[in-house]
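J.: Below are the structure tokens for one structure; questions will follow.
The values are calculated or read from the model by the stated rules, or taken from the named source; none is laboratory data. Only a predicted model underlies this, so the values are computations on that prediction, with no experimental measurement involved. Heads up, the Cβs are rebuilt from the backbone with ideal geometry, glycines too, and the neighbour counts pull from every protein chain shown.
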Amino acid sequence: MPSRLRTSVLTLTALAVATVPVAVAPSQADAAGYRYKNCTALHKKYPHGVGKSGAKDRVRGKTKPVTTFKRSTKIYKAVVKANKRLDADKDGVACEKR
């Protein structure tokens, strides 16, 4: 009986381990769709950048803030997760550009 129990436990463990990579793979594929080498590459898809829904561009001096960026929290989070450096000033807008 103990060997039967051990076999059952090992089988369940093997099944659990085998299904984990399958569950992780789609999220890695989704993140790859939002991976950009730099802001120039991101601007090809989003010409004025991408930001959270309620984000405001942080500026210095008399410069007017950019307001024409793509507003989507879902897209912004995916872009920043794959490319943390693209929102250098951490204002909620990645690669803002006029």
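J.: Let me spell it out: the conditions are (1) among the β-branched types (Val, Ile, Thr); (2) surrounded by fewer than 10 Cβ atoms within 10 Å (Cβ to Cβ); (3) at pLDDT 90 or above, and Val17 meets all of them except one. Which number is the exception?
T.: Single failed check for Val17: (3).
J.: Please count how many residues of the stretch 40-69 are within 15 Å of the chain's Cα centre (by Cα) and either among the small types (Gly, Ala, Ser) or surrounded by fewer than 18 Cβ atoms within 10 Å (Cβ to Cβ) (or both).
T.: Final tally of qualifying residues: 2.
J.: So which of Val59, Val79 ends up being in a loop (DSSP other than H, G, I, E, B) and closer than 14 Å to Glu96 by Cβ?
T.: Result of the check over Val59, Val79: Val59.
J.: Follow-up question, since we're still on this one. Of the conditions (1) free of Cβ contacts under 8 Å to residues at least 40 places away in the same chain; (2) out of contact with any Asp or Glu (no Cβ under 7 Å at 6 or more places or on another chain); (3) buried (at least 16 other Cβ atoms within 10 Å of the Cβ), Val79 fails just one. Which one is it?
T.: Every condition holds for Val79 apart from (1).
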